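Structure first, then comments.
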Amino acid sequence: RGQVRAGGAAARGGLVGGYKSNAELAAWARAFGSEGSACPGLGSAWMFGTSGKGEPLIALDITDPRTNETAKPVLKIVANTHGNEPAGREIGVDLAEWLCKGYAERLPEAVELLRDARVLLVPALNPDGFAARQRGNAAGADLNRDFPDQFAPAVQKMQPETLAAMRLSRNSPCVAAIAFHEGAVVANYAWDGLPSRSRRSEYSRCPDDDTQRALASAYANGHPSMASSAEFPGGITNGAKWYPLYGGNQDWEYINTGCMFITIEANEAKWPPADRLPQLAAAHRPATLALLRQALGGVTGVIVDAGTGAPIPHAEVVVRGREVARTPVSGAGGEFFRTLLPGEYRLVASARGYREAELAVSVPKPATPGDGGVAGVRFELSPTGGGEAKAVQHAEQHGQQLPQSMGAMQGAQVHAPQGGRASAYNLAGELGAEVEAAELWVEMHARTWNPHMLAAGGVLGVAALTLVAVRRRRNRRGRR
Ligand SMILES: [Zn+2]
C-alpha cells in the first residue's frame, strides 16, 4: 500500500519517497521552472479553481518561453479525477521533470515538444478524494460522471471540480489530452456513451474514430506491455465497447473543444504501492510522449477579418463530416489547431457576425515517422452582408512561426454560404459558471436534435426547464 505523506509542503521532486500529499504536490508545481530550478522559466503554475473543501486545483503550463510569440497547441494531461487512482499524479510529475531535464540538456525530443506545444499538466483534479482515499470528491460525486453529456441529460448540481475543469478547457482548449485512471491497462477513446443510452457494451463510433484510434495506438505501442494485452486487442478500446458511461470528461472535451481526449488506464490495481511508482512512470513516459508527438499533426491556422486583417476571437472551426467536434479559436491572435491524420478534409470556419468560409485542406504525411503531418491554413471571414470570404492553405513546417510563413502563401477564393452562423456557446465565460454549464449541455442537444433552439434566450430558457424536469442517469461502474 502506498503512503500518503502528510506534513510540510516542501517542494519535493522525484518519485522517491512515495505519493506526494496535496500540499507537497502544489508546492512542487509552484516551484517547477522557478529561478534556481533546473529549467528556470520553463513552467508556470496557477490555480484554476478550488475543490469542495477549498484545496487549490493546480495547472502547470510547461513550454519553451522563447517560442511564445504565437499561440501553441495545448497538450493536456489530467490525473487523479478519481481520488483513489493517484498514480497519474506521479506519472505527471515524472514527465514534467523529464521535460525539464531534457530541455536543460538539449535533448531533441524534449526541446522540440516544448518548442511546438504547451504541455498543460493538471496533476490532481480531485484532491479531496485523494485525501480521503475515495473515488468521488468531498461530496461523494464521481467527477467522471459529472460532465454534460450528449446522450444523457444531467440534473444534479455540478461539482466545483467539474466546473473548474470545464472553464480551464475553454480558456486553454487542447488538441489532445491524456487522462490517467487505474483499474486496467488500456487506452480508451470516444465515444464513451451510446445514442441509445443503453448500458449494454457496443462500439460507439465518433466521427474522429480514425484519429482517436491512431492516438490510442500510439500510446499503447509506446508502452512496454499495453499493446500485448490479452483483454484488449492492441491495448486499445472504444469506451462504449468496453462499458458505456455517461457524463465523462472524454466525450465532453472532444465535443466542446475538438480535443482528442484519450483515457489511459495506467495500472491493473488502483493505488499501486509507492515503491512501484518509478517503474510505472518510466513505462508510461514514452507512451505519453508518443501520443503527444503524433497529436501535433493536423491543421494549424488563423482566422482573421477579411477587411481589416484583425484576428477574430470567439470563432470556431469544424471539419466536414466531423462537425460534432468544434475547435474554438484559442488565442488572441485568432489561432486554431485541429488534430487530423494525413488526408483530404474540408474545414469550415465561422464566427458570429461573419459569413462562414469553407476550405479544402490536405494534411501531408509527416517527414519523420511518429510525427504528425501539418497543414497551415488562413481563413479571412467577411462580415455578414459584406464581400467574399477567403481562405487559403499554405505550407507550414513544424516549429515555424505562423506570421512568418503566412507571408509566402497563395490566395484563393472559396465558397462562402450566405448568412452568419450564430452560436450561443460563450467562449469568453461571461455567464455564471452553472448557467454556462447548463447552456453548454443544452446546446449540445440542440445541435443534434433541434437547431432552432440556438438563439441565446431560448437556450437559457430550455436549460432552466430541463434542469428541473429530467432525472439524471448514473453509472457507478469501475475504473474510468
Ligand atoms: Zn478512474
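The values are calculated or read from the model by the stated rules, or taken from the named source; none is laboratory data. Source: prediction; values computed, not measured. All Cβ positions, even for glycine, are placed from backbone atoms using ideal geometry, and neighbour counts span all protein chains on display. Keep in mind that these areas ignore ligands, DNA and RNA; they rest on the heavy atoms of the full protein, side chains included. Shrake-Rupley method; radii C 1.70, N 1.55, O 1.52, S 1.80 Å.
Anything in segment 313-332 that is open to solvent by 10 Å² or more (accessible area, probe 1.4 Å) and more than 17 Å from Tyr354 (Cα to Cα)? List them, or say none. Spell out how you get there, then give the answer.
Step one: filter segment 313-332 for residues open to solvent by 10 Å² or more (accessible area, probe 1.4 Å), giving 313-314, 316, 318, 320-324, 329-332.
The answer is Arg320, Gly321, Arg322, Glu323, Val324, Ser330, Gly331, Ala332.
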Inset, instruction - Give me a count of the residues in segment 296-318 that are over 24 Å from the mean Cα position of the chain (by Cα) and under 12 Å from Leu347 (Cβ atoms). - result: 0
Inset, instruction - Scan segment 165-223 for residues that are of a type in the set (S, T, N, Q) and within 16 Å of the ligand (Cβ to nearest atom) and report the count. - result: 1
Inset, instruction - Would you tally the residues in segment 241-261 being outside any strand (DSSP E or B), within 15 Å of the ligand (Cβ to nearest atom), among the hydrophobic types (A, V, I, L, M, F, W, C) and open to solvent by less than 10 Å² (accessible area, probe 1.4 Å)? - result: 1
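Return the total of residues in segment 268-288 being surrounded by fewer than 22 Cβ atoms within 10 Å (Cβ to Cβ) and either within 15 Å of Ala187 (Cβ to Cβ) or away from the ligand (no atom under 15 Å from the Cβ) (or both).
12
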Inset, instruction - Any chance you could count how many residues in segment 364-383 are in a strand (DSSP E or B) and not small (Gly, Ala, Ser)? - result: 7
Inset, instruction - Would you point out which residue out of Gly321, Gly258 is in contact with a Ser or Thr (Cβ under 6 Å, 6 or more places away or on another chain) and touching a residue at least 24 places away in the same chain (Cβ under 8 Å)? - result: Gly258
Inset, instruction - Find all pairs meeting these conditions: Cβ atoms under 9 angstrom apart; at least six residues apart or on different chains; first residue within segment 59-71 and without any contact (Cβ under 8 Å) to a residue 24 or more places away in the chain; second residue in a strand (DSSP E or B). - result: Asn68/Arg118
Inset, instruction - Those residues that are in contact with a strand residue (DSSP E or B) (Cβ under 9 Å, 6 or more places away or on another chain), more than 18 Å from Ala214 (Cα to Cα) and open to solvent by 10 Å² or more (accessible area, probe 1.4 Å), I need them from segment 175-196; list them, please. - result: Gly183
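Regarding Ala360, is this residue in contact with a strand residue (DSSP E or B) (Cβ under 7 Å, 6 or more places away or on another chain) and either over 24 Å from Asp251 (Cβ atoms) or at pLDDT 95 or above (or both)? Don't jump to the end; show me each part of the working.
Details: in contact with a strand residue (DSSP E or B) (Cβ under 7 Å, 6 or more places away or on another chain): yes; either over 24 Å from Asp251 (Cβ atoms) or at pLDDT 95 or above (or both): yes.
Yes: the conditions hold for Ala360.
Take Ile264 and decide whether it is touching a His at 6+ places or on another chain (Cβ under 8 Å), surrounded by 22 or more Cβ atoms within 10 Å (Cβ to Cβ) and farther than 25 Å from Glu316 by Cα.
Values: touching a His at 6+ places or on another chain (Cβ under 8 Å): yes; surrounded by 22 or more Cβ atoms within 10 Å (Cβ to Cβ): yes; farther than 25 Å from Glu316 by Cα: yes.
Answer is yes for this residue.
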